[in-house]
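The values are calculated or read from the model by the stated rules, or taken from the named source; none is laboratory data. Here the structure is a predicted model, which is why all the values come from computation and not from measurement. So basically every Cβ, Gly included, is an ideal-geometry build from the backbone, and we count neighbours across all protein chains shown. Accessible surface areas use protein heavy atoms only, side chains included; no ligands, DNA or RNA. Shrake-Rupley method; radii C 1.70, N 1.55, O 1.52, S 1.80 Å.
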Amino acid sequence: MDEITYLIYIISFVLGSVLGLLLSYKKYNQPFVTKKIDPVALIISIAGWFLVVNSALLFFLPSFVSITLGLFLAALVLGMRPGYGRYETVIGILISAVVWLAPALL
Amino acid sequence: MIVPEVVPAITVSLFLPALYVGLLVGFIALLGISFQKKDLHALILTDIVGVGMLIIVAAVGTDLAEALILPGLVVQLAEIMAISEILMSREMRKTGKKVSFMPMPLKMNMEILKTAPNFLSLVLIVYGIFLTGFTGGAVAGVGILFYALSRKSRGLPFKLWEGVSGISGVAWCIWLAGFLILFVTPEIWLLGLLMSSFGILLKVASKMGLIGVLGREEIKRD
Amino acid sequence: MNPLDFINLTIISSVVMFIGAAGIILLPKPLDKVIMFALLQGGFISTIVAARYLDVALVAAIFDPIATVILLMAIIKINEIRGRKAQEEDSSA
Amino acid sequence: MDIATLGGQLLGQIPLGDIVLYLTPFNLFMFVGALIFTTLIAISRTETQVEAEFGSLNDNEVKVGLKEFKIRRFLAVVCGLATAGAMITGDVFNFTLLVALIGILNIGIVSAVKQIDVLNAAFQYGLIAMIASLPLFGGAAIILASTGTLSILEIAQLSFTTPMMFFASLLLILGIAGETGIAPFYATKAEMFRTPGSPFIIIIHLSSLLVIVRAIEILLIINKPF
Amino acid sequence: MLEMQIWFYTGCALVILGTIGTVIGPGVKDPIVRILNTEIPAVGVSLIFLSYNHVLALLTFIAATVIITLILLRAVVRLEEMGAEV
Amino acid sequence: MNLMANILLNVLIAFLIGSLLYGLQRKVMARIQTRPGPPIIQHLLHTLKFFIKESSFPYTAAMPFYIAIASMLCAIWVSAVIVGPVIEGSLLLFFGIYALQKIVEHNAGSSSGSPYGKLSCVRAVFSAAAEVPLFAVLVIIYLQTQTMVISDIINYQAVNGPLIFTIPLAALMFFVLILSKSPDSPFAITKGKDIVSGYETEHFGVLRGYLMISESIAWYMLLWVFLTVFIGPLGILGYLVGMVAISVLIAFINATTPLLNPNHSIMVQITFAFIGIVGSLVLMMVM
Amino acid sequence: MKLGRLWNSLANPKRIPRVFSIILGVILLTGFLIPMALNDNQLYPRPVPQEQINQGNPLAPYDRGGEVLKEPGIVKSQYPQNEPNLGKITSYLTPIAISVKNSTIYYGTSIYSSPGGLIDEILYYTRGFDTVLESTILIMAFVIASWVALNFTMRREDE
């Protein structure tokens, strides 16, 4: 069912954001730190966005599992406390977009 | 054939002039309202707007149109009454003045006020009861009203006022019951008919009469 | 065609009504207007009679004096109020 | 036909002589909505407005007296019932009468207040309501004159729309706008809401919005754009 | 038929005349005068009713006019007494 | 699928997406105003937060009404979801729901007895005066497609192309309506910051939670109706993209415009409505 | 800004009836431009005015045929299938009315205004719901007026 799938996506996104928010408050205690890129967050973000955008490439997983997982990971970074996780998200989106466009460009 | 199948040609030919007169009257009166600064004058002019409405409805010229006019009249009357009361209430609050609550003068010794009311009122009430319905209610109501207005005795207690308004409520219920009988058990339609006509009569008449009683109540407080 | 044929109840009453209406509009004093109003009502009642609805004419004839009385009372009362006000203004001035 | 494309399938009719009420999902929803609100209003007590007193630190409570409360509740309940009736009626003249009833009740609900401004707004609203009876009843009469019937179910089955019917519905919508006080004539009504007595004044708003929605359905049925 | 037409057009003329008189007639600044002038359209409407044979409506209308006049006059007198500028 | 399950599913989706869109909107506005802004999830958390807070009722409130109104608002928007995505019923019914919702919203303000709520209630009457003409856009849709049933409108668009190209002014009107419903918009006079939180000022705890849930559903539903009626048949992904796009657009407008004075707000909306209705009719005549 | 001032003045309650009436007046004027005519296929048609009274009919102008309690009168209503007793009220006359009818020909109106008769049929039977509403409007207006009068304009010193 289409709608159930989408509901699961949304819920995983929401859960990811909530978890990301909680974790980021534990991890960082300074507000508004820009310019610094957290490597762990970067990896999670890239992995998440890759899973979301390029689920078709991962033939061994059903697409909805990979998207659910990917949304969860992407939201983990996206939902971080204000000031954090922005560059990581942008880089993640860029990389996955490049991968998505790569077959077409090549 | 007593009743024709279609509306007679002469009624059709009168429709357009009547409609135009209605529209024209409405237009003139509305123009008057829009250039009128004073609220009381605007209220008086809305009466004329109602006249325009009546002409437009009457122009259809069937029995149905007449049945639609009857209540329209009563509605117009009721609305004017309620709104004028609000206007007075507002002005009293604004000016904050205590006024003598007498709407009509009784210091004059008018001959007609001594002899005529009893007779006129009696005629009107009896005739109104014979007529029944909206028409009879209005006629009998004016009779009661005129009687109340012109009598000098002022001993009407406040309770009676509420009693009269109570009658009209009961009358409304009678009318409703009659209406239900007409639809639920059509076999006894005659009873329903009589209940309806007399219910409406009582209701309209008592309500109209209330205006006069209202006046008296105020006189009494003077 | 005899010109006298035009003198029947319908024509006369409508002429009376027009005179009454003109009087109501043009005369300045309210009391004069009430008198012209009676003229208007008279024309109206005779019109109903010309239509041969005597019961309606009867009711109209009863309502005519009532309306007149109500108008008269209001006019007298309002004159009284205005007179009193003018007096008060005089005495205060 | 038109009735079904507007409000969904025709669920049933309630014949009362020549006046036939009809129910579609749309009418039913509005009818039930109006009734629920009426019930809620009937069982509620009024709010108390708390205002800061001028020149001191005390509060000033504006309450609705018991007598005032009773009459206003009564009027509000009748107004709610009238609104519910206007939702399901299937007769143009019946609808206009219900709208007229709603108009007078709206004035009545606020006529019992003591603020001069609110009374003024109520009076002006009353003036509009009275003026609006011309286009309201006049519009219904012109519809009767042009179609020969007042029943909406019959009008829906006519195959033509004359300019006269269009003019009549123009009058009708203006009348409804006047009686219910929508834009751009909203100001009188909004002023009336400044008075305390929350659940009762709500019915003023409820009735006007629901009536407008219903009026749109009726006008579309009458005019049959295609 | 001619009679009916005469009544009808007399009624129309009276209504229009009376309305104009009520709106811009001489002396209508005084509310009493204005109310008196409204009686002319009332009679005009009665004539129109008569020519359509709406006799019952006519009967009711006559009674209702009297009451409306009374209500309006009551308002006028009381407002005048209060000295309200409306 | 089972009807009940379908309803539940759609309501949940509406609520979650609506909340996320509100969060997104706040984020975008904040970035435009060069603030960091709250996380996107904030509005949802905010809503859920109220369900674990203590509920208290002001003693000035109009009692059963004050409580009933919050759940009524919820019920009304749930029925909107039923009429909309679930059974694709009549648009007129949706119009009725919108009208009822206006009343509930308005009375939430006045039943509490708070002067802020009262002001919000008066303004709600104002704004209803403006929003109802805007909603008259439905008439134009009816004139164009000859039906009011949503599924038929979708079919019409599948054949004749999106309505936004044929009646652009109507789409503009509906867009103004959506704009007026969004918080912080120039037309959001009922929730202006000058009257604290408008009609929600005196609603605490569970009641506030209900109000916020219904607001989220309302936002989703308005966008859904806009996309369905003007863009035509869309997949769920299409709806998502469209909703995000409109939310971002509205966030741009909100971030850069001031709140209008109530009278002006209404008259601006009425002007839009007038231009929209007359313009659409003229366009239809010409074409 | 002039537009803003205009919009503000539109929100003044006192102006609204004036604005409304001028808009309505203009729309009424457009009625003169629109072709209008009476559709002669109406419900409840009535004979040519004055026809019945000219024939010396004692029930003029509301004679619609039928016999008291036996035969229904002629009524052309919208939904005859909903009205089993259609026309019976029209033909009904009270005993007083019958005696009046036998004595004079000029009292038709009064006879048909008493119970029974065409208008009663329309008001109470075929369109009864309308009459319920009308009398409700009347009663409500009086409730309002009398309540305001009793509690504000008359007994104000009690406050």
Q | Residue mean of other protein chain beta carbons inside 10 Å, C:32-44 | A | 3
Q) What is the projected area of the convex hull of the Cα atoms of the range E:39-86, averaged over all directions, in nm²? A) 3.6
(Q) In whole percent, and with a 1.4 Å probe on the protein chains, what portion of the accessible area of the protein assembly as shown is carbon and sulfur? (A) 69
(Q) So for each of F:125-133, C:45-53 I average, over its residues, the number of other beta carbons within 10 Å; can you give me the resulting order with the highest mean first? (A) F:125-133, C:45-53
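Take the Cα atoms of the protein assembly as shown, build their convex hull, and give its volume per residue in Å³.
199
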Q.
Explain nothing, just the number: relative contact order of chain A, from Cα pairs under 8 Å at least 6 residues apart, as a whole percent.
A. 39
**Q.** Residue with peak Gaussian network fluctuation, chain A [Cα springs, cutoff 10 Å], from A:Phe64, A:Phe72, A:Phe13
**A.** A:Phe64
Q. Per the Debye formula with a single identical scatterer at each Cα and no solvent contribution, what log10 I(q)/I(0) holds for chain A at q = 0.11, 0.12, 0.23 Å⁻¹?
A. -0.35, -0.41, -1.16
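Tell me, what is the percent relative contact order of chain F, built from C-alpha pairs under 8 Å that lie six or more residues apart?
Working: 413 pairs, mean separation 83.9, N = 287.
Normalised by residue count, the contact order of chain F is 29 percent.
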Q. Taking only protein heavy atoms and a 1.4 Å probe, what accessible area per residue, in Å², does chain A have with all protein chains in place?
A. 58
Q. Where the centre of each part is set by its Cα atoms, how far does the range F:104-160 sit from the range F:196-245, in angstrom?
A. 13
Q. Mind listing the Cα extents of the range F:199-287 along all three principal axes, in Å, largest one first?
A. 55, 40, 23
**Q.** Fraction of beta bridges assigned by DSSP in the protein assembly as shown that are antiparallel (%, nearest 5)
**A.** 100
Q: List the equivalent ellipsoid semi-axes of the range D:3-223 in whole Å, largest first, each obtained as the square root of 5λ for an eigenvalue λ of the Cα gyration tensor.
A: 36, 19, 13
**Q.** Estimated buried accessible area (total), pair D and G, 1.4 Å, Å² to nearest 100
**A.** 4500
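Determine the per residue accessible area of chain E with all protein chains present and a 1.4 angstrom probe, expressed in square angstrom. Walk me through the intermediate numbers first.
Values: 1820 Å² over 86 residues.
I get 21 Å² per residue for this part.
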Q) For chain E, with equal point scatterers placed on the C-alpha atoms only and solvent neglected, what are the log10 I(q)/I(0) values from the Debye formula at q = 0.11, 0.13, 0.17, 0.20 1/Å, to two decimals? A) -0.37, -0.49, -0.75, -0.92
**Q.** Cα-based equivalent ellipsoid of chain G: semi-axis lengths in Å, sorted from largest, via gyration tensor
**A.** 45, 27, 16
Q | C-alpha long axis of helix E:31-51 to longest principal axis of chain E, angle in ° | A | 20
Q) How big is the shadow of the Cα convex hull of the range D:109-151, averaged over all directions, in nm²? A) 3.7
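Report the Rg/Rh value for the range F:1-136, based on alpha-carbon coordinates and the Kirkwood definition of Rh.
With Rh from the inverse mean 1/r over Cα pairs, Rg/Rh is 1.00.
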Q: Within 10 Å of each Cβ in peptide F:27-40, how many partner chain Cβ atoms are there on average? Round it to a whole number, please.
A: 3
Q. Taking chain C as the region of interest, what is the percent of Cα-Cα pairs per 10 angstrom bin, listed from the shortest bin to the one with the maximum distance?
A. 16, 32, 26, 14, 8, 4, 1, 0
Q | Relative contact order (%) - criterion: Cα under 8 Å, at least six apart; region: chain C | A | 25
**Q.** Rounded tilt (10° steps) of F:63-81 against the dominant C-alpha axis of chain F
**A.** 30
Q: Please report Rg over Rh for the range B:11-68, where both radii come from the alpha carbon positions and Rh follows the Kirkwood definition.
A: 1.10
Q) Other chains' Cβ within 10 Å of A:2-9 residues: what's the mean? A) 5
Q.
Helix F:3-32 against the longest principal axis of chain F: what's the angle in degrees, Cα atoms only, rounded to the nearest 10?
A. 80
Q | Descending semi-axes in whole angstrom, ellipsoid equivalent of chain F, from the Cα gyration tensor | A | 30, 22, 19
Q) How many lysine pairs does chain F hold where the Cα atoms are under 22 Å apart and the two sit 8 or more places apart or on different chains? A) 15
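With a 10 Å radius around each residue's Cβ, average the other Cβ atoms per peptide and rank G:24-32, E:70-78, highest first. Working shown, then result.
Values: G:24-32: 18.6, E:70-78: 24.0.
Descending mean neighbour count gives E:70-78, G:24-32.
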Q | Reciprocal of mean inverse Cα separation for the range G:57-126 (Kirkwood radius, Å) | A | 12.0
Q: Post the alpha-carbon centroid distance, the range B:31-66 to the range F:23-39, in whole angstrom.
A: 58
